[in-house]
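What follows is one structure encoded as C-alpha cells, with my remarks underneath.
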Amino acid sequence: MTKTFMGPVKMIEPCEVIDTIMAMAEEGKRLLTSFEMIDGPTLAERWKLKPGWVRKQTGALADPLPHVKLGRYVRFLWDSPELNRWLLSRYRR
C-alpha cells in the first residue's frame, strides 16, 4: 500500500511530490527548505514587535500570519514570498 500526501484538491502520490520539487529546483525556484526557519520571538525581534503580537497574529481568523506548524511548535519562513506578501498588505503610506 502506497502512502499519499493530502493536497488541497486531490490525493498526490509521493513520487509526484518529489518530481515537483525536483522540477522547481531545476527551474531555479526557491524551495521551502531554502528559507531560514525562525521562531516567533526571533520574528518579533526582527520586526521590532512584541512576541505576544506575533503569536496573536498566527491565530487570527481573517488573514493569519503565514506560519508552519510542527507539532506544538510554530515557525516562520524568513524572507518567504508569503511572509513578505502578508507584511506588504499591511503597509500604508
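What follows draws every value from the coordinates through simple rules; no lab data is involved. Worth saying up front: this structure is predicted, and the values here are computed from it rather than measured. All Cβ positions, even for glycine, are placed from backbone atoms using ideal geometry, and neighbour counts span all protein chains on display.
Things worth noting here:
- Residue order for Ser80, Ser89, fewest other beta carbons within 10 angstrom first, comes to Ser89, Ser80.
- Gain in span if fully extended, Ala60 to Tyr73, counting 0.36 nm per residue against the direct Cα distance: 3.0 nm
- Counting only Cα atoms, the stretch 35-93 measures 37, 25, 19 Å along its principal axes, largest extent leading.
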